[in-house]
Amino acid sequence: MSAREKDALIRVEGLSKRFGPVTVLQDVTTHFNAGEVAVIVGASGSGKSTLLRTLNQLEKHDGGRILLGGEEVGDSPRQLEALRRQVGMVFQQFNLFPHKTVLDNVTLAPRRLRGLSRAEAAEQALQLLHKVGLREHAHKYPFQLSGGQQQRVAIARALAMQPQVMLFDEPTSALDPEMVKEVLDVMKQLATSGMTMIVVTHEMGFAREVGDRVLFFDQGRIVQDAPPARFFGAQDHPRIRAFLGRVAH
């Protein structure tokens, strides 16, 4: 193991996950360094989203280890609470509370889990909403926003916990095409600020432009882990060539 891998923010060692008789992750070993943007691509059902969900323990892995900051991730309530403070996640669906305003959606977790006062949480939330271009919508309800705006609120909500790493599970897949850019622009700003990001996406332009590494999943395994220039360049792996041929159209 190289020094860079040893000092990685997240290390994954021999990870496996099954759903009944189906093996979804097979002996996955990789690492994610602080400040990098790792983009995970592959066909539907290849294990990409399952990896993200095991990283923050929404799914329990069946074998192997996950280490965050050198500490193994466990499933005790105390360990899970500590994990969720450090790892933010943005899903395909926005999962906002429909009966709460945008501001209340963003302030809820910091008040309950980090002990911020209402005023402190609101001040932080307004700064984050400004960052994602939605400060003027703070007192609206989710149904009054477009899908792209709701997803940007979801990003602000995840950032409100001040995580060390952000996981994005196909964050633009539920959006109309004209709304995709506004969400990707926010993600690009986050990457520029130095946020550690692990992104599952079908947006190859984002992977090429923003990613430090591209990991290609196939049948629960990492087939290739390469810089974007090499991944999108003269690709000699037939499975990846076929995939890129499909998503390019």
Greater than 31 Å apart at Cα, pairs in K100/K181; K60/K140; K60/K131; K17/K131; K60/K181; K48/K188:
K60/K140; K60/K131; K17/K131; K60/K181
Just the accessible area for E59, please: 1.4 Å probe, Å², rounded to the nearest 10?
40 Å²
For the chain, what is the accessible area per residue in Å², given a 1.4 Å probe and the full set of protein chains?
47 Å²
Taking R0 as 45 Å, what FRET efficiency do you get between V247 and R85 from their Cβ-Cβ distance, rounded to the nearest 0.05?
0.80
Computed Rg/Rh for the stretch 144-184 (Cα atoms; Rh = Kirkwood radius) stands at 0.98
Nearest 10 degrees, 0 to 90: what angle lies between the long axis of helix 147-159 and the longest principal axis of the chain (Cα atoms)?
90 degrees
Could you list which residues have their amide H under 5 Å from that of E36, counting only those 5 or more apart in sequence or on another chain, with H placed in the peptide plane?
M197
For the chain, what is the percent of antiparallel DSSP beta bridges, rounded to the nearest 5?
50 percent
Expected output is a single nm value to one decimal: the length gained when fully extending between A226 and L113, i.e. 0.36 nm times separation in residues minus the C-alpha distance. What is it?
37.0 nm
Set the Förster radius R0 to 41 Å, insert the Cβ-Cβ distance between E72 and K188 as r into 1/(1 + (r/R0)^6), and round the FRET efficiency to 0.05.
0.80
Output the Kirkwood hydrodynamic radius of the stretch 112-249, Cα pairs only, in Å rounded to one decimal.
16.8 Å
Obtain the radius of gyration and the Kirkwood radius of the stretch 37-86 from its C-alpha atoms and give Rg over Rh.
1.00
Can you give me the distance in nm between label points at N33 and D212, each placed 7 Å from the Cα along the Cα-to-Cβ direction?
0.5 nm
Whole-percent carbon and sulfur contribution to the accessible surface of the chain (1.4 Å, no ligands, DNA or RNA) stands at 49 percent
Here are several values of Kirkwood radius over Cα pairs in Å: [x] 18.8; [y] 20.7; [z] 18.1. Which one was derived from the coordinates shown?
[x]
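The values are calculated or read from the model by the stated rules, or taken from the named source; none is laboratory data. Worth saying up front: this structure is predicted, and the values here are computed from it rather than measured. Using ideal geometry, Cβ is built from the backbone for each residue, glycine included, and neighbour counts are taken over all protein chains shown. Side chains included, ligands, DNA and RNA excluded: accessible areas come from the protein's heavy atoms. Shrake-Rupley method; radii C 1.70, N 1.55, O 1.52, S 1.80 Å.
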